[in-house]
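A short reminder: the numbers here are calculations on the coordinates, not readings from a lab. Quick caveat: nothing in here was measured; it's all calculated off a predicted structure. Don't worry about glycine lacking a Cβ; one is built from the backbone with ideal geometry, like all the others, and counts go over all protein chains shown.
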Amino acid sequence: MAAPAAEEALDGVLRTVAVGALQLEAGGALPEVELAYETWGKLNADASNAVLIQHALTGDTHVAQGSGAEPGWWDPLVGPGKPVDTDKYFVVSANILGGCYGSTGPASPDPEGRPWGSRFPFVTIRDSVRAEARLADRLGIRRWHAVLGGSMGGARALEWAATYPDRVRHCVVVAIGAYSTAEQIALAQAQVLAIRQDPNYRDGDYYDGPQPEAGLGLARRIAHISYRSEAELGFRFGRRGQGAENPFEAADGAASRGRYQVESYLDHQAEKLVGRFDANSYVILTEALMSHDVGRGRGGVQRALSSATAEFFLAAVNSDRLYFPEQSEELAKALPGEVPVHMIDAKIGHDGFLTEIGQLGPELRRRVFP
């Protein structure tokens, strides 16, 4: 289906566009790909005011509130009069390839009308960026004023700058490095196995039966521990029991004991994700993030970025224990010229890139969105 004219679109309303067949980096292909996306603001006559914002692993395209009532996940950053001013800039956010919020993914129908399930191919961050380039073409955008994102969204922004150097003027990379480290891959593998070992997973072909909710919930628990800092968990929950539950009472055996508050918190985070996300997409996107390495096949990180023409803006969260600030510093050293790393001061940990993004507003206005 053709993309609607950008100037006619309501702000923050989800729609989709077909971008054609896609050959994949690791082999295989998808015969027809659709990408879901939202936009805010209006594209100007020479298409020079377009901004692409990339979501994180289980995020969606709803960056800012727009025309509806639902708040966006980066509302402090995007909107009329905000650092990414939608009265001036045309903002686009696309659901990643393999996702479950409208883009082609494992739950999507194959050419015969059945869910892809276990037959959905392995995709990389680079594959999604290539699909997004076609979305930009459909929208009439030759060059982005800026591409920005945090966490996995930052990986996608970085890939844009390396893959299409002539199509990115500014690249904003928040809370992620140039590649996934061994520790990050290890944490991701534990999450993937939690899902795959759920008896209801059935190798990914579960759409006609019970969902692998236990596995997806466990994966979320593992991930969420790395998203928050030890200090924040200690301050919020300590060793306290949950309500009237007593962790030291187990009259009917060990499994009957009461929960600590932090256990209840993780249970709540798991339940929320299970209610809104597809387990197969979680596996596909987690493995895509495991593959993140901007230097792969390009002679290493420094050589891969040596031809990038974008002006880079890097930021890290000082309490991040998933993507350490040192990784952002390493990325900065690999870039041409002197690129500072702006620090988000947050006690919360990795999720500070979401909750405290407003701290970057003044510098983003000065350097990227004047």
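Some observations on this one:
- Rounded Å value of the spacing that divides the Cα centres of the range 38-55 and the range 193-265: 40
- Cα-based radius of gyration for the range 269-309, normalised by 2.2 N^0.38 Å, reads 1.79.
- Dipole magnitude (debye, nearest 20) for the range 32-88, charges at Cβ of Lys, Arg, Asp, Glu: 260
- Between residue 319 and 346, 349, the built amide H atoms are under 5 Å apart, and every one of these is 5 or more places off in sequence or on another chain.
- Lys, Arg +1 and Asp, Glu -1 on Cβ, resulting dipole of the range 132-279 about Cα centre, debye, nearest 20: 720
- Using the Karplus relation 6.51 cos²θ - 1.76 cosθ + 1.60 with θ = phi - 60°, the per-residue 3J(HN,Hα) values for the range 137-153 come to 4, 5, 8, x, 9, 7, 9, 7, 4, 7, 10, 9, x, x, 6, 4, x Hz, with x marking Gly and Pro.
- Cα-only Debye scattering, the range 199-247: base-10 log of I(q)/I(0) at q = 0.16, 0.19, 0.28 Å⁻¹: -0.67, -0.76, -1.02
- Here 342, 62 are placed in order of increasing Cβ neighbour count within 10 Å, fewest first, which gives 342, 62.
- Think of the chain as a dipole: +1 on every Lys or Arg Cβ, -1 on every Asp or Glu Cβ, centred on the Cα centre; then among 290, 51, 226, 51 lies furthest on the positive end.
- For residue 313, nonlocal amide neighbours, meaning residues 5 or more places apart or on other chains whose placed amide H falls under 5 Å from its own, are 171, 172, 173.
- This ranking places 96, 284 by how few other beta-carbon atoms lie within 10 Å of each, fewest first, which gives 284, 96.
- Here the Debye sum runs over all C-alpha atoms of the range 97-170 as equal scatterers in vacuum, and log10 of I(q)/I(0) at q = 0.14, 0.15, 0.27 Å⁻¹ comes out as -0.51, -0.58, -1.24.
- Overall, the chain carries a charge dipole of about 620 debye about its Cα centre when +1 sits on the Cβ of Lys and Arg and -1 on the Cβ of Asp and Glu, all other atoms neutral.
- Cα coordinate range in the range 112-235, projected on the principal axes (Å, largest first): 52, 47, 24
- The 3J(HN,Hα) values that the Karplus relation (6.51, -1.76, 1.60; θ = phi - 60°) gives for the range 13-20 are, in residue order, 10, 6, 8, 10, 9, 7, 10, x Hz. Gly and Pro appear as x.
- Listed from fewest to most Cβ neighbours within 10 Å, the set 164, 37 follows the order 164, 37.
- Loop-located GluC sites (Glu not before Pro) across the range 301-370 with a Cβ neighbour count of 14 or fewer within 10 Å are 338, with loop assigned by DSSP.
- Estimated vicinal HN-Hα couplings, Hz - the range 167-179 in sequence order (Karplus 6.51, -1.76, 1.60; Gly, Pro = x): 10, 10, 7, 10, 10, 10, 10, 10, 6, 6, x, 7, 7
- Per residue, the convex hull spanned by the Cα atoms of the range 8-103 amounts to 119 cubic angstrom.
- For the range 267-342, fraction of C-alpha pairs farther apart than 15 Å, in %: 69
- Compactness index (Cα Rg / 2.2 N^0.38 Å), the range 144-190: 1.26
- Restricting the range 268-336 to trypsin sites (Lys or Arg not before Pro) in coil, as DSSP defines it, with at most 13 other Cβ within 10 Å: 276
- Normalised per residue, the volume of the convex hull around the Cα set of the range 218-370 (Å³): 161
- Rg then Dmax, both in Å and based on the Cα atoms of the range 169-228: 15.1, 48.
- Inter-site label distance for residue 268 and residue 205 at 7 Å from Cα along Cβ, in nm: 4.0
- DSSP bridge pairs, the chain: antiparallel proportion in percent, nearest 5: 35
- Theoretical ellipticity at 222 nm over the chain - DSSP helices of four or more residues, -39500 (n - 2.57) apiece, nearest 500: -9500 deg cm²/dmol
- Using only the C-alpha atoms, the convex hull of the range 31-189 corresponds to 128 Å³ per residue.
- Restricting the calculation to Cα atoms, the chain shows an Rg/Rh of 0.97 when the hydrodynamic-style radius is the Kirkwood one.
- The residue 309 and residue 25 beta-carbon pair, evaluated with R₀ = 22 Å, returns a calculated FRET efficiency of approximately 0.45.
- Gaussian network model of the chain, springs between alpha carbon atoms under 10 Å - residue of 344, 125, 185 with greatest fluctuation: 185
- Residue among 211, 261, 327 with the largest mean-square fluctuation in a Gaussian network model of the chain, springs linking Cα atoms under 10 Å: 261
- Taking amide H as placed 1.01 Å from N in the peptide plane, residue 176 has its amide H under 5 Å from the amide H of 151, each at least 5 places away in sequence or on another chain.
- Taking the chain and dividing mean pair separation by its residue count, relative contact order in percent (alpha carbons under 8 Å, at least six apart): 17
- Net charge over other residues, Cβ less than 14 angstrom from the Cβ of residue 177 (K, R count +1; D, E count -1): -3
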